[in-house]
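The next block holds one structure in the form of C-alpha coordinates; read it before the comments.
The values are calculated or read from the model by the stated rules, or taken from the named source; none is laboratory data. In this text, all values refer to a predicted model and were calculated from it rather than measured experimentally. No Cβ is skipped: glycine too gets one built from the backbone with ideal geometry, and neighbour counts run over all protein chains shown. Heavy atoms of the whole protein, side chains included, go into the accessibility calculation; ligands, DNA and RNA do not. Shrake-Rupley method; radii C 1.70, N 1.55, O 1.52, S 1.80 Å.
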Amino acid sequence: MLDVLLRCGVNRLSLGVQSWVDSEAAAVGRLHTRARVLEDITGLRAAGIQNINVDLIAGLPHQTTESWAYSVSETIDCGVPHASIYMLEVDEDSRLGRELMAGGTKYHAHFVPKEDLSADFLCRGVRAVRGIRDSAV
(Lines give C-alpha, C1' and ligand atoms only; values in the text may rest on other atoms or scores of the structure.)
Protein backbone atom coordinates (compact mmCIF):
# COMPACT_ATOMS: atom_id res chain seq x y z
CA MET A 1 0.00 0.00 0.00
CA LEU A 2 2.84 2.36 0.80
CA ASP A 3 4.21 2.03 -2.74
CA VAL A 4 0.82 2.95 -4.18
CA LEU A 5 0.54 5.99 -1.91
CA LEU A 6 4.00 7.17 -2.92
CA ARG A 7 3.24 6.71 -6.63
CA CYS A 8 0.09 8.80 -6.14
CA GLY A 9 2.14 11.63 -4.65
CA VAL A 10 1.15 11.24 -1.01
CA ASN A 11 3.67 13.07 1.12
CA ARG A 12 1.86 13.31 4.47
CA LEU A 13 0.22 10.63 6.58
CA SER A 14 -1.76 10.84 9.78
CA LEU A 15 -1.74 7.97 12.24
CA GLY A 16 -4.77 7.61 14.51
CA VAL A 17 -2.76 6.50 17.51
CA GLN A 18 -5.33 7.84 20.02
CA SER A 19 -3.22 6.51 22.91
CA TRP A 20 0.27 5.08 23.25
CA VAL A 21 -1.00 2.90 26.12
CA ASP A 22 -1.90 -0.45 24.56
CA SER A 23 -4.74 -1.21 26.99
CA GLU A 24 -6.39 2.19 26.37
CA ALA A 25 -6.16 1.78 22.61
CA ALA A 26 -7.61 -1.73 22.85
CA ALA A 27 -10.49 -0.52 25.03
CA VAL A 28 -11.74 1.62 22.14
CA GLY A 29 -11.23 -1.06 19.51
CA ARG A 30 -7.86 0.03 18.12
CA LEU A 31 -5.87 -2.90 16.76
CA HIS A 32 -2.42 -1.35 16.91
CA THR A 33 0.13 -1.41 19.69
CA ARG A 34 2.73 1.14 20.69
CA ALA A 35 5.43 -1.06 19.15
CA ARG A 36 3.52 -1.33 15.86
CA VAL A 37 3.07 2.44 15.61
CA LEU A 38 6.80 2.97 16.13
CA GLU A 39 7.51 0.38 13.41
CA ASP A 40 5.10 2.17 11.08
CA ILE A 41 6.74 5.54 11.71
CA THR A 42 10.16 4.02 11.00
CA GLY A 43 8.82 2.43 7.79
CA LEU A 44 7.22 5.67 6.62
CA ARG A 45 10.45 7.56 7.17
CA ALA A 46 12.47 4.88 5.38
CA ALA A 47 10.09 5.21 2.42
CA GLY A 48 10.71 8.94 2.28
CA ILE A 49 7.62 10.24 4.06
CA GLN A 50 8.76 12.61 6.76
CA ASN A 51 5.55 14.60 7.20
CA ILE A 52 3.78 12.39 9.72
CA ASN A 53 0.97 13.35 12.07
CA VAL A 54 -0.08 11.55 15.25
CA ASP A 55 -3.63 11.92 16.57
CA LEU A 56 -4.29 11.63 20.29
CA ILE A 57 -7.64 11.58 22.08
CA ALA A 58 -8.05 12.97 25.58
CA GLY A 59 -10.73 11.25 27.65
CA LEU A 60 -10.49 7.63 26.54
CA PRO A 61 -11.76 4.90 28.86
CA HIS A 62 -9.17 4.03 31.54
CA GLN A 63 -7.12 7.18 30.83
CA THR A 64 -5.43 8.68 33.86
CA THR A 65 -3.31 11.75 34.39
CA GLU A 66 -0.23 9.51 34.28
CA SER A 67 -1.24 7.58 31.18
CA TRP A 68 -2.14 10.79 29.36
CA ALA A 69 1.25 12.30 30.23
CA TYR A 70 2.86 9.13 28.88
CA SER A 71 0.96 9.36 25.57
CA VAL A 72 1.90 13.00 25.15
CA SER A 73 5.53 12.25 26.00
CA GLU A 74 5.65 9.35 23.52
CA THR A 75 4.22 11.60 20.82
CA ILE A 76 6.97 14.13 21.40
CA ASP A 77 9.67 11.47 21.71
CA CYS A 78 8.77 9.74 18.44
CA GLY A 79 9.80 12.93 16.63
CA VAL A 80 6.82 13.44 14.35
CA PRO A 81 6.53 17.02 13.07
CA HIS A 82 2.80 17.34 13.78
CA ALA A 83 0.34 16.23 16.42
CA SER A 84 -3.41 16.67 16.61
CA ILE A 85 -5.12 16.38 19.97
CA TYR A 86 -8.85 15.94 20.31
CA MET A 87 -11.18 15.49 23.24
CA LEU A 88 -13.29 12.35 23.15
CA GLU A 89 -16.62 13.10 21.53
CA VAL A 90 -19.30 10.59 22.32
CA ASP A 91 -21.89 10.18 19.61
CA GLU A 92 -25.27 9.20 21.04
CA ASP A 93 -25.68 6.75 18.15
CA SER A 94 -22.45 4.91 18.94
CA ARG A 95 -22.23 1.85 21.18
CA LEU A 96 -20.09 3.75 23.68
CA GLY A 97 -22.39 6.77 23.60
CA ARG A 98 -25.52 4.74 24.24
CA GLU A 99 -23.80 2.91 27.06
CA LEU A 100 -22.55 6.15 28.65
CA MET A 101 -26.01 7.70 28.52
CA ALA A 102 -27.51 4.58 30.07
CA GLY A 103 -24.93 4.62 32.85
CA GLY A 104 -23.79 1.17 31.82
CA THR A 105 -20.49 -0.67 31.89
CA LYS A 106 -20.23 -2.20 28.42
CA TYR A 107 -17.47 -0.93 26.12
CA HIS A 108 -15.60 0.40 29.17
CA ALA A 109 -18.11 3.28 29.44
CA HIS A 110 -17.79 3.49 33.21
CA PHE A 111 -14.05 4.11 32.82
CA VAL A 112 -14.39 7.27 30.70
CA PRO A 113 -12.89 10.16 32.68
CA LYS A 114 -15.16 13.01 33.74
CA GLU A 115 -15.44 15.79 31.16
CA ASP A 116 -13.50 18.29 33.30
CA LEU A 117 -10.59 15.87 33.61
CA SER A 118 -10.65 15.16 29.88
CA ALA A 119 -10.59 18.90 29.18
CA ASP A 120 -7.63 19.22 31.53
CA PHE A 121 -5.86 16.43 29.62
CA LEU A 122 -6.52 18.28 26.37
CA CYS A 123 -5.09 21.56 27.69
CA ARG A 124 -2.03 19.87 29.15
CA GLY A 125 -1.40 17.99 25.92
CA VAL A 126 -1.67 21.09 23.76
CA ARG A 127 0.76 22.97 26.01
CA ALA A 128 3.22 20.07 25.92
CA VAL A 129 3.25 19.61 22.15
CA ARG A 130 3.59 23.30 21.33
CA GLY A 131 7.16 22.48 20.40
CA ILE A 132 5.97 20.19 17.61
CA ARG A 133 5.71 22.27 14.45
CA ASP A 134 2.13 23.04 13.44
CA SER A 135 0.46 21.43 16.46
CA ALA A 136 -3.30 21.47 16.05
CA VAL A 137 -6.29 20.92 18.26
Take the residues of the stretch 100-127 that are open to solvent by 50 Å² or more (accessible area, probe 1.4 Å) and outside any helix (DSSP H, G or I): which is modelled with the highest pLDDT? Lys114
Quickly run through the stretch 24-65 and pick out the residues that are over 11 Å from the mean Cα position of the chain (by Cα) and on the phi > 0 side of the Ramachandran plot. Gly29, Gly48, His62
Condition met for Leu56 (of a type outside the set (Asp, Glu), in contact with a Phe, Trp or Tyr (Cβ under 8 Å, 6 or more places away or on another chain), under 13 Å from Val28 (Cβ atoms) and at pLDDT 95 or above): yes
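Quick check on my filter: what residues within the stretch 2-23 are among the polar types (S, T, N, Q) and more than 17 Å from the chain's Cα centre (by Cα)?
The initial filter retains those residues of the stretch 2-23 that are among the polar types (S, T, N, Q), namely 11, 14, 18-19, 23.
Within the stretch 2-23, Asn11 is the sole residue that qualifies.
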